[in-house]
Amino acid sequence: MKKLLMVLAVCVFLMAGFLNVYGGEKAPEKVKILAASTLAKIGYDSVIVSAVKAENAKKKTIEKIKEIDGKWINTAGIDDLMDSIMSSACAQHLNEIKKKNDFYEEIFAMDNQGANVAMTDKTSDYWQGDEAKFINSYKEGVGEIFISDVNFDDSTQSYLTQVSVPVMDGDKAIGVITFGINIDKLK
């Protein structure tokens, strides 16, 4: 019995290593080129900038954002708030961007606190403000491109790198937009 368990453990270990080909690797150079040449420009898109400015003007408290986030995380399926974030004019615009390239698995825009403004697909949580994708791209209003390591994404069932670029109003970051890039589809 011990031998069987040992063989099974070795098989599971080997399969996990085989299936996680990209896990934790740095994003390939072609992602960095895409981020600097194309994605950063989308951060200046007038439709996205207008939607983020409108959301920022609501001046939600962090307590309210966290309350919404808790409900979001515990909601199976899509509720009215999620639907509104996925069907807004900005979300429709993001969907048009997504349709242009099959390597975009998801695109979502956030306000100046990291709360979702618009999205092509439901995110696992509403508030991104405590995550590296927001913190490292928003940079307290300075703005910077941030590219995550490649990891398996449960929501899209693919190996993704997330590229986050600041949403810019002139020379000030007012939010962030994140692109989930399927590296197997990026040519």
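May I ask you to list the residues in region 138-186 that are of a type in the set (Ser, Thr, Tyr) and closer than 14 Å to residue 107 by Cβ?
Here is the first cut: in region 138-186, the ones of a type in the set (Ser, Thr, Tyr) are 138, 148, 155-156, 158-159, 161, 164, 178.
Selection gives 155, 156, 161, 164, 178.
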Set 105, 140: member being within 15 Å of the chain's Cα centre (by Cα) and not in a loop (DSSP other than H, G, I, E, B): 105
Scan of region 36-79 for residues that are assigned to a loop (DSSP other than H, G, I, E, B), at pLDDT 95 or above and not hydroxyl-bearing (Ser, Thr, Tyr), ordered by number: 43, 45, 57, 58, 59, 60, 74, 78, 79
Residue 123 being touching a Ser or Thr at 6+ places or on another chain (Cβ under 8 Å), at pLDDT below 95 and surrounded by fewer than 24 Cβ atoms within 10 Å (Cβ to Cβ): yes
Residue match in region 46-64 (condition: in contact with a strand residue (DSSP E or B) (Cβ under 9 Å, 6 or more places away or on another chain) and of a type in the set (Asp, Glu)): yes
Given (1) at negative phi; (2) surrounded by fewer than 16 Cβ atoms within 10 Å (Cβ to Cβ); (3) modelled with pLDDT of 95 or more, number of the condition residue 139 does not satisfy: (1)
Candidates 173, 109, 118, filtered to the one that is touching a Lys or Arg at 6+ places or on another chain (Cβ under 8 Å), surrounded by 21 or more Cβ atoms within 10 Å (Cβ to Cβ) and not polar (S, T, N, Q): 173
Looking only at region 38-72, and only at residues there that are surrounded by 14 or more Cβ atoms within 10 Å (Cβ to Cβ) and of a type in the set (Asp, Glu), the one that is farthest from residue 118 (Cα to Cα): 67
Yes/no for residue 172 being touching a Ser or Thr at 6+ places or on another chain (Cβ under 6 Å), modelled with pLDDT of 95 or more and more than 17 Å from residue 36 (Cβ to Cβ): no
Sole exception among (1) part of a loop (DSSP other than H, G, I, E, B); (2) in contact with a Gly (Cβ under 7 Å, 6 or more places away or on another chain); (3) over 17 Å from residue 48 (Cα atoms) for residue 124, by number: (2)
Residues within region 145-187 that are within 15 Å of residue 114 (Cβ to Cβ) and free of Cβ contacts under 8 Å to residues at least 24 places away in the same chain, tallied: 1
Single match in 105, 96 (criterion: charged (D, E, K, R) and within 19 Å of residue 49 (Cα to Cα)): 96
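The values are calculated or read from the model by the stated rules, or taken from the named source; none is laboratory data. Fair warning: this is a prediction, and the values are worked out from it, not measured in the lab. Because the Cβ atoms are built from the backbone with ideal geometry, glycine has one as well, and the counts that use them run over all protein chains shown.
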